[in-house]
Amino acid sequence: MTAPIMALRGVNKSFGPIDVLHDITLEVRAGEVLCLLGDNGAGKSTLIKIMSGVFQPSSGAIEMDGVNVTLPNPRAASEKGVATVHQFGGTFPLMSIGRSFFVGVEPAKGWGPFKVYDRKRANAIAVKAVQDFGITRIDDGDRLVGGLSGGERQSLAIARAVHFGARVLILDEPTAALGVKQATHVLRIVNEAKKRGLAVVFITHQVMHAMAVGDHFAVLIRGAVAADFKKGEKTREEITDLMAGGASMASLEAEIEGYMASHGGHPPQPAE
Amino acid sequence: MSSISFGGLLRRPEAGAALGLIAVLIFFAIFGGITFLKPGGMASWLNVAANLGVIAIPLGLLMIAGELDISVGAMVPFGAMTVAVISGHYGLPIWLGVAMALTFGVIVGLVNGFLVIKTAVPSLIVTLGSLFAVQGIVLGLTVLITKSTSVALATEGPAKLIFGDFVLGGQLQVMVLWWLALTALYVFFVHFSPFGNWIFAMGGDKVSARNAGIPTDRLTMILFVLSSTSAAFVGMCQAILYNSAQVAGGQSFIFNSIIAVVVGGVLLTGGFGSVVGIFLGTITFAVVTQGIYYTDFDRNWSSLIIGILLLAAVLMNNTFRKMALSYAPKKGGKA
Ligand SMILES: Nc1ncnc2c1ncn2[C@@H]1O[C@H](COP(=O)(O)OP(=O)(O)OP(=O)(O)O)[C@@H](O)[C@H]1O
Ligand SMILES: [Mg+2]
């Protein structure tokens, strides 16, 4: 078995008196999708912020390729190949696709003080990178990012991370704001990134999305890893229950079924 | 643009500014005749536009980057007074006065930038503070040193020619040439060099920009230095041109340059705009304030026009931005 690209060993995190993460040990491997599951406030975002250099662990170690590392800031993390894509793509809505793709590393032509931004090349590379991920609807690098759909923006951000050499791709609820079709797009891209040998950390509340792409699952409950298992080791119901922190979801489902049985098959009306 | 089309032009940040300028030109041509477009008439609004434009562009860049600098209103008299006190009151070489005026511009810009970076206080408040502080310094020191609020300055030779003279027949201020040259430089750096992208990225999303490796703090400092030094430069040139400097005056530059920038299509929340747009917005502003003299209207009505123009610009800019966002290449036309 290969060494994990990134590993957390006994990581704790507290904000002043508030303990948010307890003794987290996790590994992410090349070509594998690790799904981080857990209820609101379980500590998922905090955990990935430690992986991406936004927060420092209060104690514990971070390893990359088996070597202890510190990630003092997001720059350091991204230089080591850790890329984070946030819910809304984290890109610049009023910039063109080509320009936002190359923010900070703008391609130029010409020489000396007369270097000019190479719009054609930037657009061509950006469009090709996204299309290689199967998003063929993006074919004009001059379009503004804010005009893309949520799924397309996510795809652009992921394609950008991969293009610039990311090895660990962290996705914080990339499908949360998306419809079914858009979410499918993003999941396909996650699969594509995995095929290219990236390690993907995927946060989601939707068990279906997790099961569609996940190889490995970790459930966080109040800041601790409550379960850590491989694909196929647990059913959807079991995972859902774990996420909800016990048997509450199963009993809720039973409750709804009971309601429907006694009301001629109608689900309960949502509160007005 | 891959193809020049009407729709394509409308999506550009300066579209609203261009339409506004055309509307204003037509308005004044109807009510005042075309005198203001003949050489003599043009000089009047070109001079106003040049002095405003040299400040409006760097201010507009700050606004694109998501910041604001209203201390320019104090930097204009500061620059004027510095050169007048050093080279007029004390009679020291003019170049020393010029150098000191610009140096103070750089220093105030560094202080503004530093406070904005370190305190995370909105730059409106930070520069409101430096606006009053610098006004106080200018008034206090001038009265202390010269026992007056107005200082005379006589300049001759190349300094006069370069900074404060009339050119091309004696009506056009040399500032117009400075303005055109600086605009060309800004256009290159903002829209053609790779660095221009950083300003837009910073105004679009500062955190993402920083994570993408853009030195946002250094860029913020540079932009604040540019705006306050440009304001000091304009003040200094005016003192050399008019052979005197006053402690007051300059506050009008605050609102006027913000108006020029917004009419020029810069988004108040940052991330969108263009140098050409600011350039056109500046001309529009100058034409309205000067064109009024060529009509039968009382000059006070120009404020009404500017007010309407500003509101129309903000509304139009929103519309144009939506158009830019919703733009997608036509599918039907392709084989
Ligand atoms: N900077 C902070 N200071 C203090 N407490 C914090 C801070 N950041 C997060 N927390 C707390 O840590 C806990 C975990 O937050 P986190 O955002 O990691 O949860 P999450 O699992 O991502 O939740 P969600 O599913 O809602 O996104 C929360 O109780 C939160 O209030
Ligand atoms: Mg979260």
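The values are calculated or read from the model by the stated rules, or taken from the named source; none is laboratory data. Bear in mind that the values here come from a model prediction, so they are computed numbers and not experimental data. Note: ideal-geometry Cβ built from the backbone for every residue, glycine included; neighbour counts use all protein chains shown. Side chains are part of the model used for accessible areas, which takes the heavy atoms of the whole protein and leaves out ligands, DNA and RNA. Shrake-Rupley method; radii C 1.70, N 1.55, O 1.52, S 1.80 Å.
Here's the yes/no breakdown for (1) of a type in the set (A, V, I, L, M); (2) within 19 Å of B:ASN211 (Cα to Cα); (3) more than 16 Å from ligand 1 (Cβ to nearest atom); (4) surrounded by fewer than 22 Cβ atoms within 10 Å (Cβ to Cβ):
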site: A:ASP139; (1), (2), (3), (4): no, no, yes, yes
site: A:ARG143; (1), (2), (3), (4): no, no, yes, no
site: A:ARG153; (1), (2), (3), (4): no, yes, yes, no
site: A:ALA157; (1), (2), (3), (4): yes, yes, yes, no
site: A:ALA161; (1), (2), (3), (4): yes, yes, yes, no
site: A:ALA166; (1), (2), (3), (4): yes, yes, yes, no
site: A:GLU173; (1), (2), (3), (4): no, no, no, yes
site: A:ALA177; (1), (2), (3), (4): yes, no, no, yes
Those residues of region A:27-52 that are within 16 Å of ligand 2 (Cβ to nearest atom) and under 16 Å from A:LYS231 (Cα atoms) come to a total of 4
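Table: residues versus (1) in contact (Cβ under 8 Å) with a residue 40 or more places away in the chain; (2) on the phi < 0 side of the Ramachandran plot; (3) facing chain B (nearest Cβ under 9 Å).
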{"site": "A:PHE92", "(1), (2), (3)": "yes, yes, yes"}
{"site": "A:GLY98", "(1), (2), (3)": "yes, yes, no"}
{"site": "A:VAL105", "(1), (2), (3)": "yes, yes, yes"}
{"site": "A:LYS109", "(1), (2), (3)": "no, yes, no"}
{"site": "A:GLY112", "(1), (2), (3)": "no, no, no"}
{"site": "A:VAL116", "(1), (2), (3)": "no, yes, yes"}
{"site": "A:ARG119", "(1), (2), (3)": "no, yes, no"}
{"site": "A:ILE138", "(1), (2), (3)": "yes, yes, no"}
Residue check for B:GLY270: in contact with an Asp or Glu (Cβ under 7 Å, 6 or more places away or on another chain) and buried (at least 21 other Cβ atoms within 10 Å of the Cβ):
no
In region B:65-95, anything without any contact (Cβ under 8 Å) to a residue 24 or more places away in the chain and out of contact with any Pro (no Cβ under 9 Å at 6 or more places or on another chain) is listed as B:TYR90, B:GLY91, B:LEU92, B:PRO93
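Filtering region A:234-268 down to residues that are at pLDDT below 65 and in a loop (DSSP other than H, G, I, E, B), which residue is surrounded by the most Cβ atoms within 10 Å (Cβ to Cβ)?
Checked region A:234-268; the qualifying residue surrounded by the most Cβ atoms within 10 Å (Cβ to Cβ) is A:GLY245.
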Checklist entry - Is there a residue in region B:221-239 that is under 30 Å from A:PHE164 (Cα atoms), among the hydrophobic types (A, V, I, L, M, F, W, C), within 14 Å of another protein chain (Cβ to nearest Cβ) and assigned to a helix (DSSP H, G or I)? => result no
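Condition check: in contact with a Gly (Cβ under 9 Å, 6 or more places away or on another chain), farther than 30 Å from A:ALA161 by Cβ and within 11 Å of chain A (Cβ to nearest Cβ). Does B:PHE188 satisfy that?
So B:PHE188 passes the test.
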| said: Just to be sure before I move on: is A:VAL145 within 12 Å of chain B (Cβ to nearest Cβ) and under 20 Å from the mean Cα position of the chain (by Cα) in the structure I sent? | reply: yes
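Condition check ((1) in a strand (DSSP E or B); (2) within 16 Å of ligand 1 (Cβ to nearest atom); (3) more than 18 Å from A:ALA30 (Cα to Cα)) across all residues:
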| position | (1), (2), (3) |
| --- | --- |
| A:LEU169 | yes, no, no |
| A:ARG188 | no, no, no |
| A:ASN191 | no, no, no |
| A:LYS194 | no, no, no |
| A:GLY197 | no, no, no |
| A:ALA218 | yes, yes, no |
| A:GLY232 | no, no, yes |
Subset of region B:32-74, residues open to solvent by 40 Å² or more (accessible area, probe 1.4 Å) and either at pLDDT 85 or above or among the basic types (Lys, Arg) (or both), comes to B:LYS38, B:MET42, B:VAL48, B:GLY66
Per the list (1) within 14 Å of chain A (Cβ to nearest Cβ); (2) touching a Phe, Trp or Tyr at 6+ places or on another chain (Cβ under 7 Å), residue check on B:ALA212 breaks on (2)
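In region B:96-106, is there at least one residue being free of Cβ contacts under 8 Å to residues at least 12 places away in the same chain and open to solvent by 50 Å² or more (accessible area, probe 1.4 Å)?
Keep residues of region B:96-106 that are free of Cβ contacts under 8 Å to residues at least 12 places away in the same chain, which gives B:96, B:99, B:103.
Filter again for open to solvent by 50 Å² or more (accessible area, probe 1.4 Å), leaving B:96, B:103.
Yes, region B:96-106 contains a residue that is free of Cβ contacts under 8 Å to residues at least 12 places away in the same chain and open to solvent by 50 Å² or more (accessible area, probe 1.4 Å).
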Filtering region B:23-78 down to residues that are assigned to a loop (DSSP other than H, G, I, E, B), within 14 Å of the chain's Cα centre (by Cα) and β-branched (Val, Ile, Thr) yields B:ILE70
Could you tell me whether region A:53-69 includes any residue that is more than 12 Å from chain B (Cβ to nearest Cβ), in contact with a helix residue (DSSP H, G or I) (Cβ under 9 Å, 6 or more places away or on another chain), assigned to a helix (DSSP H, G or I) and within 16 Å of ligand 2 (Cβ to nearest atom)? no
By residue number, the members of region B:227-267 that are among the aromatic types (Phe, Trp, Tyr) and either touching a residue at least 12 places away in the same chain (Cβ under 8 Å) or crowded, with 24+ Cβ neighbours inside 10 Å (or both) are B:PHE233, B:TYR242, B:PHE253
Among the residues of region B:213-252, the number that are within 21 Å of B:LEU280 (Cβ to Cβ) and at pLDDT below 95 is 1
Conditions (1) part of a loop (DSSP other than H, G, I, E, B); (2) within 14 Å of chain A (Cβ to nearest Cβ) -> B:ASP217 fails only (1)
Over region A:12-41, the set of residues part of a strand (DSSP E or B), buried (at least 16 other Cβ atoms within 10 Å of the Cβ) and of a type in the set (D, E, K, R) is A:LYS13, A:GLU27
